[in-house]
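Structure first, commentary second.
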Amino acid sequence: MIKSDEKELPHCSRRNFLKQSAALTAVAIIPATIDTAAKNRLDEKYAYQLELMPVSLEINGVQKNVQVDPRTTLLDLLRENLHLTGTKKGCDHGQCGACTVHVNGQRINSCLTLAVMQNGNKITTIEGLANGDQLHPMQKAFIKCDGFQCGYCTPGQIMSAVACVAEGHATNDEQIKEFMSGNLCRCGAYNGIANAIKEIAK
Amino acid sequence: MKTFTFSKPADIKGAHAAFKANATSQFIAGGTNLLDLMKKEIATPANIVDINQLTLKEIKSDSKGISIGALALNSFVAEHADVEKDYPLLSKALLAGASAQIRNMATVSGNMLQRTRCPYFYDVAMPCNKREPGTGCSAKDGLNRMSAIFGASENCVAVHPSDMCIALAALDARVVVQTADGKENSIPFTDFHRLPGNTPDRDNNLVKGSLITKITIPKNNFNTHFHYLKIRDRVSYAFALVSVAVALDIENGKIKVARIAAGGVAHKPWRLYEAEQFLIGKTAKEAAFKQAAIVAIKGAKPLQHNAFKIKLLQNGLELALKNAIA
C-alpha cells in the first residue's frame, strides 16, 4: 500500500545545489528580482543550461555542434533537437528497429545510445540516403517491391536493409530474414521488404 | 530518466577514478541494457562513466587459446576469422542473440552483465527482490513460463538472458578483471554469475568498481563437433525459452570430452556436468545422446507454468548432440 504521508527524502543533487545557490545569490544582490525569477522558473533554466554538454557530430555529411542534456538519446537528439524526424521512435527500448541509423557506417538502434556517447561520430539517417532528388537504390527497390504499407517502420527498415547488404548478410532468403529480424513491421510487409533487399543484393 | 553526470575517460586508470566520484556510478559500454533500465528508472546512476575509449577491443589468438577484449563488439567477435575457425560455438551463440543492430552496439563484457528479462523485474509496479530486495518475488507464483527450472530460490526464479555466456560457460572461459586498486584477477566463467539465493539483487561476483578487461578461452578440440540450439517463441530476435550449447571431442567414434551448458533454465549459465560425465567414453551415437538428455533433466524443479521447459531441454539437448555429429 502506498502511504499518502510519505515525503520525498531530501537529497543533494547538483541541480538542487545550483538552484539553491542561484536563488541565494539573487537574495543577496537584488531582492526585487526574486519574484520575477521564480515566476519565469529562471532557476530551473539556469541550472539546466549548466548541465548541458557539447556534442559534435557529422550528420548526413553536415557538421553539427550542439549542447545536449546528457540524458538525450541519439534518437531524441535527431528528432527533437535537430528536427530530423525521418528516424522514427517506435518502442524506444531497442525492440522494434524503427530508430535504426548508421554510425560510422554500422547500423545501430539510436534509441539505445546517448548522444554524448556518439561525440565525434558520423551519423547517417534516412534523410542522408538520397542524392538530392535521386533516391537511393534501396529506397527505389522498396517502392518497386511494395516493401511497406503504413510506412512507420520504413526508414528503419531501409537503413537496416542498406547495412544488411553492405555487411554481406543478404546472400539468401533465410539470411536476409535472420539479419533483418531486428526490424519489426506490424503491417506485415516482410515479403516485400525481403524482395527489395534481394533485388539490391543480386 | 534521472539526471547524471557524464564523463568519457581515456584509460582504465581514468575510468576507475571517474567511477569513484559517486557511490551510484555505472560504467557504460554499448548501453543497450543499461539505458533501457535507466529509462524505466530501474537503474538510477547519478554518474555515468563511458568506457568506450579504453583500448579493450582486441582479439588475440595463439596455440594456447584466445583472448577477447571486454569491449569487442558482439558482431565483431561473431564474425572474427579466428573465432569462426577455432571457437565456432561462440560465434553461433553470439549470432543467435539479439539483432544485427544490437550486436553492433553490445560488447562482450556488457553482454555478461546484462540483467534478467523476467517481466516482473521490468514492471516497477510489481514486487521484485532483484529490483528491490525484500519486496518479494512476483514470478514465483505469477506468470512464470519464462522462469528457472534449476537453482532457483524462494526469493527469485529469474533466468540469465545471454546466449554468448552459455557458449563461454561450455568452453571453460575465464573472466579477467581489473579491480579499482589496479589488481588483475582471473575468474572461471562458471563462477562469475551467481545463483539467486538470498541475494537475487546480485547477478554476479564482480566487485563494485572492477572492470572486466577480457575473457580468455583455452584451446580446445571443439571446432568440429559442436552445436548451439536456441528454442524461442519466434524464429529470431527473442530471448531463449531454452538454449543448449554442446561441444564434443570425439576420437575413433568415442566421446573423449563433452561440454554441455544450457540457457533459459537458471539464474546463471547452467553447466550440465552429470550429462557430460555420462557421455565420456560412449560411442557418439543417438542411443548415448538420448540417455544423456535424460540425465540432464535430473533435479529440474518446475513452477506452475514452466514444466514444458524440462521436456524442451531434454529434447533440445538430444537434438543438439545429434546436430553436433551431423
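Each reported figure results from applying straightforward, stated rules to the coordinates on display, with no laboratory input. As the structure is a prediction and not an experimental result, all values here were calculated from the model. We place every Cβ from the backbone using ideal geometry, glycine too, and count neighbours over all the protein chains shown.
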Likely footprinting exposure, B:Arg117, B:Arg145, fewest C-beta neighbours within 10 Å first: B:Arg145, B:Arg117
Peptide-level mean, for B:23-35, of C-beta atoms on other protein chains within 10 Å: 3
Cα→Cβ-extended label distance, 7 Å offset, between A:His83 and B:Glu84, nm: 4.6
Virtual spin-label span in nm between B:Asn205 and B:Ala21, 7 Å along Cα→Cβ: 3.2
Size of electric dipole in region B:5-50: Cβ of Lys, Arg +1 and of Asp, Glu -1, about Cα centre, debye, nearest 20: 80
Distant-in-sequence amide H partners of B:Asn204 (H built 1.01 Å from N, under 5 Å): B:Arg194
Too-long pairs where the Cα-Cα distance tops 26 Å, listed order kept, from B:Lys13/B:Lys208; A:Lys177/B:Lys230; B:Lys140/B:Lys208; B:Lys39/B:Lys60: B:Lys140/B:Lys208; B:Lys39/B:Lys60
In order through region B:45-54: 3J(HN,Hα) via Karplus (6.51 cos²θ - 1.76 cosθ + 1.60), integer Hz, x for Gly, Pro: x, 8, 9, 10, 10, 7, 9, 5, 8, 5
Helix-only [θ]222 nm of the protein assembly as shown, DSSP H runs n ≥ 4, -39500 (n - 2.57) each, per residue, nearest 500: -9000 deg cm²/dmol
Exercise: per-residue mean of other protein chain Cβ atoms within 10 Å, A:177-185: 5
Per-residue HN-Hα couplings for region B:198-211 [Karplus 6.51, -1.76, 1.60; θ = phi - 60°; Hz; x = Gly/Pro]: 9, 10, x, 5, 9, 7, 8, 9, 5, 6, 3, x, 6, 10
Least to most buried among B:Ile187, A:Ile158 (fewest other Cβ within 10 Å first): B:Ile187, A:Ile158
Alpha-carbon centroids, region A:79-127 and region B:252-326: separation in whole Å: 41
Where trypsin sites (Lys or Arg not before Pro) fall in DSSP loop in region B:213-257, at most 11 other Cβ within 10 Å: B:Arg234
Sum of side-chain charges, B:Ala287 neighbourhood, beta-carbon under 15 Å (Lys, Arg +1; Asp, Glu -1): +3
Table column - 3J(HN,Hα) (Hz), region B:216-228, Karplus curve with 6.51, -1.76, 1.60, x for Gly and Pro: 10, 10, x, 4, 9, 10, 9, 8, 9, 10, 8, 7, 10
Cα-based helix-to-principal-axis angle, B:286-296 vs chain B, degrees rounded to 10: 40
Percent antiparallel among DSSP beta bridges (both partners in the protein assembly as shown, rounded to 5): 90
Virtual spin-label span in nm between B:Thr55 and B:Ile280, 7 Å along Cα→Cβ: 4.2
Residue exposure sequence - B:Glu251, A:Glu51 - by fewest surrounding Cβ within 10 Å: B:Glu251, A:Glu51
Residue mean of other protein chain beta carbons inside 10 Å, B:101-111: 5
